[in-house]
Structures are given as C-alpha cells and as structure tokens.
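Worksheet: one structure, shown below.
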Amino acid sequence: MIVALLHRLSEKLPRVVHRLSVMMKPQVVFVLGGPGAGKGTQCARIVENYSYTHLSAGDLLREERSRSGSEFGQLIETYIKEGKIVPVEITINLLKKAMEETMKADEKKFRFLIDGFPRNQDNLQGWNTVMDGKADVKFVLFFDCGNEVCIDRCLERGKSSGRTDDNRESLEKRIQTYLQSTRPIIEQYEKQGKVRTIDASRSVDEVRLFLARVI
C-alpha cells in the first residue's frame, strides 16, 4: 500500500512542479515614457512600497558597455551616443538573465518593473518570441511628459550624471526615436486596455501619490 502511494506521488510530482513553475513566472510591468520623464525615480519608490524589482534596460546596457571584456561594449556605446535603439537580441538577453538571477536568489521576487523596454516594434516582437510563455506582462505604466520638460530635466541631470547621452543633441535624437518608435507601442497596448497613464510633468511627490492609485 505504501509502495503504491509513493508511486502515485512520484507520478504527480512532475505535474506539481510544472504548476509551481507556471505560478512563478515573472510578472512584468513595462515602464515607458520619454527620456527624463522620471521613470527611474518613481520605479525606486515603487520598489520600496510594492515588492517589485526594478530592471532598467538602459542601465543594464550601460553596465554591459562598461564591463571589462564585453563583446558588445563598443556596439552599445555607438548606439547610445547616436540615440539609436540597441539590437533587441542584446537587450532581451540582459533582461532575461537579470530576471533569472533575481528569482534564483529569492523565489519570492518574481514581480518586475522593466524600465525603458520595449522601445520599438522590433523589441516587442523579440520579447514575444523569446519570452512567450515564460513571463506575463500585466500592464504598461506610461509616464506621459512634454518633450521640453524631459529635455530640461535630462540637461540638469547631465551636470552630475556623467552620462554621455545627457546633452541636447543626443536628447533631441532620443526624443525623436521615442516619438517614432516607442509611442506606437504604447498605443498598441492602449488598444488592449493594458496602459495605466501617469502625468509625469508633475512634481516627484505628486506623481508618487498618483502611482499609489494605479499600481
């Protein structure tokens, strides 16, 4: 009888493990908006209050660019300086690796804010191809902010950030890239009813209060 019971349990175990693995799929919120819209600042607040892990596509790319021995470092540097979008294969690989490492270190950390991705249709198609069935996108958090406000914020940030792309020439290119490539992605998710919009032109504290209603 005990042997039969153990046999039935051994048959059920793979199904249980499979269900657990499905339950523990990364739960993703895409965070989109123009450069300087305040995405990084507010993501830090969300992490503090709502048990999310913040992954910035831009930060991951900059870290990879600076990593000694990186085969993609120079390529990433060129794309960032030109205000262009880095090839999707590089970005998704970095995001996937970061999520896997986070969940491996702490299985309770399966909720992610992915900041600055997907930035164009190629990004989105790449995500759907690589991450289909491996992560659930819950919604898009859209930081809506005027172009000049974004540029002014970035120029101010550039005085201390040391970022090579926080200058007016790069910023104007980045704004155009955002308008032409990223806004259509936001509109696509809007049609699916999966966009929560924040008026990011307001003060940091005003945005934080509004976030409490939508997260």
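Just so you know, all these numbers are worked out from the coordinates, no wet-lab data involved. Everything quoted here is computed from the prediction, not taken from an experiment. Here the Cβ is made from the backbone with ideal geometry for all residues, glycine too, and neighbour counts use every protein chain on show.
Here are the numbers for the structure shown:
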item	result
Among Gly133, Ser66, Ile186 the positive-end extreme of the charge dipole of region 66-215 (Cβ point charges)	Gly133
Extended-chain gain in nm, criterion 0.36 nm per residue less alpha-carbon gap, Asp106 and Gln192	27.8 nm
Estimated dipole of region 23-213 in Debye, rounded to 20 [Cβ of Lys and Arg +1, of Asp and Glu -1, Cα centre]	360
Inter-label distance, nm, simple model (7 Å from Cα along the C-beta direction), Asn93/Arg183	3.3
Most positive-pole-ward Cα, Ile175, Tyr79, Gln121, against dipole of the chain from beta carbon charges	Gln121
Centre separation in Å (Cα based) which lies between region 185-202 and region 26-96	19
Net charge of neighbours whose Cβ lies under 14 Å from the Cβ of Glu190, counting Lys and Arg as +1 and Asp and Glu as -1	+2
GNM flexibility winner over the chain from Val140, Val195, Val47 (Cα, springs under 10 Å)	Val47
Packing-based order for 144-154, 55-65, using average beta carbon neighbours within 10 Å, highest first	55-65, 144-154
FRET efficiency estimate (nearest 0.05) - Cβ-Cβ, Glu71 to Ala212, R0 30 angstrom	0.10
Cross-link table Lys25/Lys191; Lys96/Lys191; Lys25/Lys159, entries beyond 30 Å C-alpha to C-alpha	Lys25/Lys159
Full-stretch length increase - Lys138, Lys173 - with 0.36 nm per residue and alpha-carbon distance subtracted	9.6 nm
Net charge contributed by nearby residues that have their C-beta within less than 12 Å of Thr102 (K/R +1, D/E -1)	+2
Around Ser51: net Lys/Arg minus Asp/Glu count, Cβ-Cβ under 9 Å	+3
Rg ratio (alpha-carbon, reference 2.2 N^0.38 Å) - the chain	1.16
Length-normalised contact order of the chain in % [C-alpha pairs under 8 Å, at least 6 apart]	31
Segment Lys81-Gln121, extension gain: residue separation times 0.36 nm, minus the distance between their alpha carbons	12.3 nm
Selection from Phe30, Asn49, Ser160, by position along the positive dipole direction of the chain (Cβ)	Asn49
The chain: DSSP helices with Cα axial extent of at least 27 Å and average Kyte-Doolittle hydropathy no lower than -1.0	2-23
